[in-house]
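Participant: Handing you this structure, nothing more for now.
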């Protein structure tokens, strides 16, 4: 136990902030934005303290642990704790939340104080649930946060989204609820098969202690995996994402795709691999196939999009295919690459969505054909858009290159055919990013009426973009801090699964 419950504080601070923002009197509603930003920065500071206190050399799986009885009759505990994988995702979420709040400063009509308060309060509630879902070490508590996240996202899309927001919000909710209900059955089955008792839902209590037949454990694995595949999102249960991303406000899309969808891939590591090692190996060929399809399918559909937001959403389906590929390659290199990919994808997707949002706010259209030549009008915006795009396509020297290279290397060690096919996604990524940039930014200067040329990035918008680009450079040239954080957790997960890295083909004594 820790004297200072950092993880609980990271849950409570944004929730208190949400209450404060929602309770502001009408005359003080203009304070909703700075108050929300202030609470999110305090949460970020707590995350930095948690990182500083984390011991990479510890032999315990979960650090900063808090365990309290919640519903002991059903074996449910309020249990929080983090390993390197969970902590890296929490830090990413707490960095992106204030960035998104600053980006969303003008998303809602400033004269409508009620909507402004609701919008920023919902963003803080979502941040609290994001921290909770990554920090939960009780399976039932994880499920509670997993489902609770749907509430603020549903209202952020349904109340503040585009023209088809109701359709997108309902579709998102139905897909997520369907996956969650399947997982609930598996959660109950896991408790029945586990040791039971007042702490019967703890991950540490369940690991290696499930008393059930091989067939039953495989069905439990499938129950968890379906929910995580929907959340990830993987082909063929991905169709909710393009609609949700296209109809969301850009800041909402960032938290939805950049953070929330990582719950799916995180859950595969934490629950599918750790609780069901035999079933994970049994399902690996099918999962690897689905991941490869996601990589290529998402990239191909991205190339044909004319809507910027839908294009970025389809690129994320391709990127998530890479992440799942690295997870189920069951190698230390692939696992580390996929975890680093989750962090890097969060920042690169944030950059794409937010800069696309800045473009839409100036032009009033999400259609790519409505642009062209904007680098002659808004050169700073065009330059930052190019840098973000190059990071998304994994240009060497930028962050995504390291994670993508590690995933392909780790996959090639065990599944060469999958790595070779997935490498096609690198070529397709260059096509969809560079073609989008060409159509948006290059060409003759667009015609605007006198005095109506759109402005370049404002100081606030530059502050939004600056930390994102800094992350590309830092993690591109020096990913060691994140890799040092996640490597012990990846190695421990492979030990749970019972696999080791394949010997190199040219190792002494290997077949020639």
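Participant: Restrict the check to region 102-120 and report whether at least one residue is at pLDDT 90 or above and closer than 27 Å to residue 267 by Cβ.
Facilitator: Within region 102-120, none of the residues are at pLDDT 90 or above and closer than 27 Å to residue 267 by Cβ.
Participant: Can you give me the number of residues within region 307-320 that are crowded, with 24+ Cβ neighbours inside 10 Å and touching a strand residue (DSSP E or B) at 6+ places or on another chain (Cβ under 7 Å)?
Facilitator: 0
Participant: Could you grab me the full set of residues in region 10-35 that are surrounded by fewer than 16 Cβ atoms within 10 Å (Cβ to Cβ) and at pLDDT 90 or above?
Facilitator: 12, 16, 19, 34
Participant: Here is a check on your reading of the model: is residue 181 without any contact (Cβ under 8 Å) to a residue 24 or more places away in the chain and within 17 Å of residue 141 (Cα to Cα)?
Facilitator: In short, yes.
Participant: Are any residues in region 289-304 surrounded by fewer than 24 Cβ atoms within 10 Å (Cβ to Cβ) and under 30 Å from residue 501 (Cα atoms), and if so, which ones?
Facilitator: Here is the first cut: in region 289-304, the residues surrounded by fewer than 24 Cβ atoms within 10 Å (Cβ to Cβ) are 289-290, 293, 296-297, 300-301, 303-304.
Result: 289, 290, 293, 296, 297.
Participant: Tell me, yes or no, whether region 74-82 has at least one residue that is at positive phi and out of contact with any strand residue (DSSP E or B) (no Cβ under 7 Å at 6 or more places or on another chain).
Facilitator: Yes, region 74-82 has at least one match.
Yes/no matrix, rows are residues, columns are (1) surrounded by fewer than 19 Cβ atoms within 10 Å (Cβ to Cβ); (2) in a helix (DSSP H, G or I); (3) on the phi < 0 side of the Ramachandran plot; (4) touching a helix residue (DSSP H, G or I) at 6+ places or on another chain (Cβ under 8 Å):
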| site | (1), (2), (3), (4) |
| --- | --- |
| 327 | no, yes, yes, yes |
| 335 | no, yes, yes, yes |
| 348 | no, yes, yes, yes |
| 352 | no, yes, yes, yes |
| 356 | no, yes, yes, yes |
| 362 | yes, yes, yes, no |
| 365 | yes, no, yes, no |
| 383 | yes, yes, yes, yes |
| 388 | no, yes, yes, yes |
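Participant: Go through the residues of region 321-341 one by one and say whether even a single one is under 30 Å from residue 454 (Cα atoms) and out of contact with any strand residue (DSSP E or B) (no Cβ under 8 Å at 6 or more places or on another chain).
Facilitator: No, because not a single residue in region 321-341 is under 30 Å from residue 454 (Cα atoms) and out of contact with any strand residue (DSSP E or B) (no Cβ under 8 Å at 6 or more places or on another chain).
Participant: One residue is enough: does region 83-90 have a residue meeting the conditions surrounded by 15 or more Cβ atoms within 10 Å (Cβ to Cβ), in contact with a strand residue (DSSP E or B) (Cβ under 6 Å, 6 or more places away or on another chain) and closer than 29 Å to residue 198 by Cα?
Facilitator: Taking every residue of region 83-90 in turn, none turns out to be surrounded by 15 or more Cβ atoms within 10 Å (Cβ to Cβ), in contact with a strand residue (DSSP E or B) (Cβ under 6 Å, 6 or more places away or on another chain) and closer than 29 Å to residue 198 by Cα.
Participant: Residues in region 206-214: is at least one more than 16 Å from residue 279 (Cα to Cα) and not in a helix (DSSP H, G or I)?
Facilitator: Residues of region 206-214 more than 16 Å from residue 279 (Cα to Cα): none.
The answer is no; no qualifying residue exists.
Participant: Just checking, does region 167-178 include any residue being touching a residue at least 40 places away in the same chain (Cβ under 8 Å) and on the phi > 0 side of the Ramachandran plot?
Facilitator: no
The values are calculated or read from the model by the stated rules, or taken from the named source; none is laboratory data. All figures in this text were calculated on a predicted structure; none of them were measured in a lab. Using ideal geometry, Cβ is built from the backbone for each residue, glycine included, and neighbour counts are taken over all protein chains shown.
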